[in-house]
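Enquirer: I'd like to ask you about the structure that follows.
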Amino acid sequence: MLEIKNLKARIEEKEILKGINLSVNNGEVHAIMGPNGSGKSTLASVLAGREGYDITDGEVFLRGNDILELSPEERAREGVFLAFQYPVEIPGVNSTYFLRSAVNQVRKHRGEEELDAMNFLKLVKAKMKELELAEEFLKRPVNAGFSGGEKKRNEILQMTMLNPSLAVLDETDSGLDIDALRIVADGVNRIKNQNNAQIVITHYQRLLDYIVPDFVHVLYDGRIIKSGDKTLAHDLEEKGYDWLIKNA
Amino acid sequence: MSANTDTIDEFVSSEYKYGFITDIESESLDPGLNEDVIKFISAKKNEPEWLLNWRLKAFRHFEKMENPEWAHVNYPPVNFQEISYYSAPKKKGDGPKSLDEVDPKLLETYEKLGVPLHERARLAGVAVDAVFDSESIGTTFKEDLAKAGVIFCSMSEAVQEHPELVKKYLGTVVPYTDNYYSALNSAVFSDGSFVYIPKGTRCPMELSTYFRINAANTGQFERTLIIAEESSHVSYLEGCTAPMRDENQLHAAVVELVALDNSEIKYSTVQNWYPGDEEGRGGIYNFVTKRGICKRNAKISWTQVETGSAITWKYPSVILQGDNSIGEFYSIALTNKAQQADTGTKMVHIGKNTRSTIISKGISAGKGQNSYRGLVQVGKKASKARNFSQCDSLLIGDKCGAHTFPYIEAKNSTARIEHEATTSKIGEDQIFYCNQRGLETQDAVNMIVNGFCKEVFRELPMEFAVEAQKLLDVSLEGSVG
């Protein structure tokens, strides 16, 4: 699914990613953990193609295709989805209209028929029910005036509707109470199948109680310094990062 | 997260679709402004003496006035001697008696602008008066309208056919002494539209005027007068375009609306004059005075979508003279490239229980400067007057500006006046968010801008709303790289 080779990236003069190597196969869930400032969010942004980063070295392949040359919207249509740490408010733009435009862009790219308003509504309402979201959500402008929890659930709704092959969740658990956390995790587990993969970026082990990762990686100072299975997350919860950093 | 503003910087390089020039022989006056020019125009139109005298009084008044400088716009002084005050397509013989006789080149021009003048080709339900430079070249559906008693013709024709109405109302809402450009217009106005809706009549179709400036070095000074008799109703639309030229051209119009007791006038504008280029070369100076007066229980509603012109200076206003009368102003003003707009409204509450609503949406992109200027005035006798104003500004990129100048004068303690204002910016983060969901940058900007404007689009007649939305999209084309 995803192959990252020796990826280096900088913002202005500061090198943030110092050579990332990561392989994610179909059907896998990878968790990326690490202290603040280690480069987790930068990695998510670079994968999604956000501007403002200089890629100085390395390659990123999605299903065998190099995606570093693609624009953010092309990557999105190829199946890269980023659940934002801070979802952006777009006042005046109706959520239904926004989401239908997005879904149809992706469908068009995949050669599927675009959904008309009726069929779209049917589909989105069914998904919202699964995610325990009130239908009133659809009438509001995108994220405008949403609470932190609502914004995160909206990200999960969008992810569910877009059905990406690679979902990157950037600290989606931050600021969530336990119920919201369960709903978010539920959404991720629901879309999971043998043809897609998820990367879950998180500070805390607690999300990983709900989304069970196949692999856990520790990012520190722009490099992955340790990889393991889900038990690594428990170790980190107990011992913190210091013991790893000392050995790095 | 570092913000990179390059993408938004390039957001500003759209092509102006209506910039072509019609190659047609026209009769133009040499540039220059003096009493002889005014006499020439008046004679050309075979005007009665009272009108010539009125023009001359206006001109003498104009000569004593100074160019107003309070607007938040910047431009070199206009040399009124370099402008030609009359230009009209040359007529063969006595001139066309019906649309069938109009020069095919002119019909073609309007066809290209999307305003076919052949009645059969028009959407049923919209009558058009087409003004080309200084002259009206034809009005459609005249006979159908006449059956309902509605008069819809060019101003020149109205002066000939209905002089009593013109004499009674011309200059009563916007006197020539009102301001610099209204004085100039009163002296040299050449054509425009005239509408009269008889008592108790609902105009059976939308009326519209399409203004086109073609000739170089020409000013367009049209004068529009709409009279709605008691308990009548009319909806009127105007559209405007001009060729791309390197010199600035002046358009100084006056529009007067008279809404008698219980009547309603809805006036919508989609203004798309040539805006000039990125450096501010060329484009139309759009200095316009628009005002309506409401008698008892009457209502006037202005809706404008202003996307063109190098400089726009325009405040469609309502004098709420009659008790219970209503004034509304819905505006979208977009400035891109080097465009400047200083626009807004005046709501003058004189009668009791008068109400007004102002919704203004300003969008600035490129190096555009956009100002809202509005006055809400409540007189001593206007008890229980109410006003609600909302002025929102949207910035695209970091080289443009938005300004708000609201003035409120209340002399009656029972008045209720509310003013809300917001300024927001289309941020890189919003664009990236949309991109990440698969949307193109241009689509994302259009979506955000259209969302921002929807309260105003709602007020436009249906066909116009779609057109206006497309026009905004085109005006912002290329404004993000």
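The values are calculated or read from the model by the stated rules, or taken from the named source; none is laboratory data. The structure presented is a predicted model; accordingly, all values stated were derived computationally and were not measured. Heads up, the Cβs are rebuilt from the backbone with ideal geometry, glycines too, and the neighbour counts pull from every protein chain shown.
Enquirer: Among the residues in segment A:55-65, are any without any contact (Cβ under 8 Å) to a residue 24 or more places away in the chain and outside the structural domain of A:THR231 (by TED's automatic domain parsing)?
Expert: No, that holds for no residue.
Enquirer: So, one more: Residues in segment B:394-448 that are away from every other protein chain (no Cβ under 14 Å) and within 30 Å of A:ASP170 (Cβ to Cβ): how many?
Expert: 2
Enquirer: Please go through segment B:302-360 and pick out each residue that is within 13 Å of the chain's Cα centre (by Cα) and β-branched (Val, Ile, Thr).
Expert: Matches in segment B:302-360: B:THR303, B:VAL305, B:THR307, B:ILE311, B:THR312, B:ILE332, B:THR343, B:THR345.
Enquirer: With the condition being under 22 Å from A:LEU115 (Cβ atoms) and within 16 Å of the chain's Cα centre (by Cα), I'd like the helices (runs of 4 or more DSSP H) fully within segment A:132-248 carrying at least 3 qualifying residues. Explain how you work it out, then say what you get.
Expert: Numbers: elements: A:148-162, A:178-191, A:231-239, A:242-247.
By residue number, A:148-162, A:178-191.
Enquirer: What number goes with the only condition from (1) among the aliphatic types (A, V, I, L, M); (2) at pLDDT 90 or above; (3) farther than 29 Å from B:ALA465 by Cα; (4) over 20 Å from the mean Cα position of the chain (by Cα) that B:ALA187 does not pass?
Expert: Only one criterion in (1) among the aliphatic types (A, V, I, L, M); (2) at pLDDT 90 or above; (3) farther than 29 Å from B:ALA465 by Cα; (4) over 20 Å from the mean Cα position of the chain (by Cα) is unmet by B:ALA187, namely (4).
Enquirer: Same structure again: Working carefully through the options B:ILE417, B:ILE431, find the one that is β-branched (Val, Ile, Thr), more than 23 Å from B:GLU69 (Cα to Cα) and part of a strand (DSSP E or B).
Expert: Numbers: B:ILE431 fails: part of a strand (DSSP E or B).
After applying the criteria, what remains is B:ILE417.
Enquirer: Mind telling me which of the residues A:GLY79, A:GLY37 ends up being more than 8 Å from chain B (Cβ to nearest Cβ), free of Cβ contacts under 8 Å to residues at least 12 places away in the same chain and on the phi > 0 side of the Ramachandran plot? Break it down into steps so the answer makes sense when it comes.
Expert: Numbers: A:GLY79 fails: free of Cβ contacts under 8 Å to residues at least 12 places away in the same chain.
After ruling out the rest, the residue left standing is A:GLY37.
Enquirer: Please verify whether A:GLU3 is closer than 29 Å to A:ARG206 by Cα and of a type in the set (D, E, K, R), treating the condition exactly as stated. If you could, list the steps in order and put the result at the bottom.
Expert: Working: closer than 29 Å to A:ARG206 by Cα: yes; of a type in the set (D, E, K, R): yes.
Answer is yes for this residue.
Enquirer: Continuing with this model, one more query. Within segment A:47-73, how many residues turn out to be outside any loop (DSSP other than H, G, I, E, B), surrounded by fewer than 19 Cβ atoms within 10 Å (Cβ to Cβ) and of a type outside the set (Val, Ile, Thr)?
Expert: So the first thing to find is which residues in segment A:47-73 are outside any loop (DSSP other than H, G, I, E, B), and the list is A:47-48, A:54-62, A:65-66, A:72-73.
Narrowing the set further to residues that are surrounded by fewer than 19 Cβ atoms within 10 Å (Cβ to Cβ) leaves A:54-59, A:61, A:65-66.
Now restrict to residues that are of a type outside the set (Val, Ile, Thr): A:54, A:57-59, A:61, A:65-66.
The number of residues fulfilling the criteria is 7.
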